[in-house]
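> Here it is, the structure, as structure tokens.
The values are calculated or read from the model by the stated rules, or taken from the named source; none is laboratory data. Quantities reported herein were computed from a predicted structural model and do not represent experimental measurements. Neighbour counts are summed over all protein chains in view; Cβ atoms, including those assigned to glycine, are modelled from backbone coordinates with ideal geometry. The accessibility values were calculated without ligands, DNA or RNA, using every heavy atom of the protein model including side chains. Shrake-Rupley method; radii C 1.70, N 1.55, O 1.52, S 1.80 Å.
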Amino acid sequence: MVKRIAIISREKLNIEKHTSGQEFYLKILVNSLRRIGVDVGLLTINEALRSGGDYDALHLYYVGLADVIKLRKKFNNSKFVYHVYHVEDSTWSYPRTLLWQGFLISIQFAIDVYLATSRSLLKWLKSKILLSKYILIEPYINCNNGFFNNFEYVVKEKFQDLRELILLYIGRVNPWRFPLKEVIESLKPLLKRIPVKLIVVSKLSEKDKINTFKPYEKLEVIIIDRWLSDDEKREVFRKAHFFLFPAKGNTAMNPPITVLESVCYGTLPLVTTIVIKDIDIPKELVAYGVNEIPERITQLIEDPMLLSSTINGIKSSFRRFYDENRFIGALREVI
């Protein structure tokens, strides 16, 4: 008998044109389940409440308390799986953080399983949830592109005869996640050694564009302010030497999808310490602040042996994120 599940959200989702890590995760989840013969539907809360069908499981995506209760009354025989992508956000106030965490705790009477997308989230759930189960299902990236299998060759080839350094960022620009003005200022010491091209894929207002950039010699800043297809994203990753993720706190789903994508496409991620709670990243690629970015980059481009060992460390620790069997095996527990 075919398993039937529904992903329930407050508003209609367009996961094929995903604009967040969470939506990307849902896209991969849906595609993987359909590949093993599961009937998966995406419904709004109202569509679910009006529907006449039964489901083996309901996956809840940012559904509030009142709607959780309504859905539980209608689908009492279904397994309720609540997705947890983060338990805090540095852009939130302290009261808002407490409200979100309190909500996650309060709904456990109606939830069968909490789905945690990272190790740190699972650890938090274990400490707070007593009435429900929880499961770790880390993201999966379809990485059958040849870049990761040949990661050492792909990365080293980029650094051969290095005449221009290409840095990339994809995502929201704000003081907590990607402080663009700060990043540009921090690159000045690096410009003394090599020209730099910084590619930023983000929606920026004209005011932000005008107020942000200073015309430093040897620095080119390119803004791509539109949604990129998977092929276009693959191309910008392919060109870049480093993917920057200099977040000052938790500002994305855990772990950040763009960091996982960077390695899949043969680009070294340069991150701050907030990321290493969920991914084992070599210390050579971890900056303790935006100002350490040039130092980390300089060390790697000047020391081929250090670059080689860092590449090997990255490939080892990221391998699990590209293992579809691992992902599907875990998903079987929540369908």
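> What single numbered condition from (1) crowded, with 18+ Cβ neighbours inside 10 Å; (2) in contact with a helix residue (DSSP H, G or I) (Cβ under 6 Å, 6 or more places away or on another chain); (3) not polar (S, T, N, Q) fails to hold for residue 281?
Only one criterion in (1) crowded, with 18+ Cβ neighbours inside 10 Å; (2) in contact with a helix residue (DSSP H, G or I) (Cβ under 6 Å, 6 or more places away or on another chain); (3) not polar (S, T, N, Q) is unmet by residue 281, namely (2).
> For residues in the stretch 1-17 being at pLDDT 90 or above and part of a loop (DSSP other than H, G, I, E, B), which is nearest to residue 70 (Cα to Cα)?
10
> For residue 193, all conditions in the list (1) under 21 Å from residue 222 (Cβ atoms); (2) open to solvent by less than 80 Å² (accessible area, probe 1.4 Å); (3) not acidic (Asp, Glu) hold save one; what is the number of the exception?
(2)
Okay, residues lined up against (1) assigned to a helix (DSSP H, G or I); (2) in contact with a His (Cβ under 8 Å, 6 or more places away or on another chain); (3) free of Cβ contacts under 8 Å to residues at least 24 places away in the same chain:
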position: 28; (1), (2), (3): yes, no, no
position: 59; (1), (2), (3): no, yes, no
position: 66; (1), (2), (3): yes, no, yes
position: 71; (1), (2), (3): yes, no, no
position: 88; (1), (2), (3): no, no, no
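> Which residue pairs have Cβ atoms under 8 Å apart, sit 6 or more places apart or on different chains, and have a first residue in the stretch 1-21 that is farther than 24 Å from residue 50 by Cβ and open to solvent by less than 90 Å² (accessible area, probe 1.4 Å) and a second that is assigned to a loop (DSSP other than H, G, I, E, B) and hydroxyl-bearing (Ser, Thr, Tyr)?
Listed by first residue and then by second, the contacts come to 21/85.
> So, one more: Residue 290 passes all but one of (1) over 24 Å from residue 86 (Cβ atoms); (2) modelled with pLDDT of 90 or more; (3) in contact with an Asp or Glu (Cβ under 9 Å, 6 or more places away or on another chain); which number fails?
Checking residue 290 against (1) over 24 Å from residue 86 (Cβ atoms); (2) modelled with pLDDT of 90 or more; (3) in contact with an Asp or Glu (Cβ under 9 Å, 6 or more places away or on another chain), the one that fails is (1).
> Next question. I'd like to know if the stretch 155-178 contains one or more residues that are among the hydrophobic types (A, V, I, L, M, F, W, C), surrounded by fewer than 19 Cβ atoms within 10 Å (Cβ to Cβ) and either more than 16 Å from residue 244 (Cβ to Cβ) or touching an Asp or Glu at 6+ places or on another chain (Cβ under 7 Å) (or both).
Yes.
> Working only within the stretch 304-327, note down all residues that are out of contact with any Phe, Trp or Tyr (no Cβ under 6 Å at 6 or more places or on another chain) and open to solvent by less than 20 Å² (accessible area, probe 1.4 Å).
Selection gives 307, 310, 311, 314, 317, 318, 321.
> So which of 259, 221 ends up being under 21 Å from residue 203 (Cβ atoms), open to solvent by 40 Å² or more (accessible area, probe 1.4 Å) and not in a loop (DSSP other than H, G, I, E, B)?
None of the others qualify; the one that does is 221.
> Among the residues of the stretch 22-46 satisfying the criterion of being of a type in the set (S, T, N, Q) and farther than 28 Å from residue 69 by Cβ, which is surrounded by the most Cβ atoms within 10 Å (Cβ to Cβ)?
The qualifying residue surrounded by the most Cβ atoms within 10 Å (Cβ to Cβ) is 32.
> Are any of the residues in the stretch 50-57 open to solvent by 30 Å² or more (accessible area, probe 1.4 Å), touching a residue at least 24 places away in the same chain (Cβ under 8 Å) and on the phi > 0 side of the Ramachandran plot?
No, that holds for no residue.
> Restricted to the stretch 102-119, and to residues that are of a type in the set (Val, Ile, Thr) and part of a helix (DSSP H, G or I), which residue is least open to solvent (accessible area, probe 1.4 Å)?
Ranking the qualifying residues of the stretch 102-119, first place goes to 107.
> So in the stretch 64-95, with the set limited to residues that are open to solvent by 70 Å² or more (accessible area, probe 1.4 Å) and touching a helix residue (DSSP H, G or I) at 6+ places or on another chain (Cβ under 7 Å), which one is nearest to residue 179 (Cα to Cα)?
Among them, the one singled out is 88.
> Taking the conditions exactly as written (of a type outside the set (Ser, Thr, Tyr), open to solvent by less than 10 Å² (accessible area, probe 1.4 Å), farther than 30 Å from residue 268 by Cα and assigned to a helix (DSSP H, G or I)), does residue 99 satisfy them or not?
Against the criterion (of a type outside the set (Ser, Thr, Tyr), open to solvent by less than 10 Å² (accessible area, probe 1.4 Å), farther than 30 Å from residue 268 by Cα and assigned to a helix (DSSP H, G or I)), residue 99 does not qualify.
> Considering only residues that are of a type in the set (Gly, Ala, Ser), touching a residue at least 24 places away in the same chain (Cβ under 8 Å) and out of contact with any Lys or Arg (no Cβ under 6 Å at 6 or more places or on another chain), which ones fall in the stretch 90-113?
90, 106
> Within the bounds of the stretch 288-302, is there any residue that is in contact with a Gly (Cβ under 8 Å, 6 or more places away or on another chain) and within 21 Å of residue 173 (Cα to Cα)?
no
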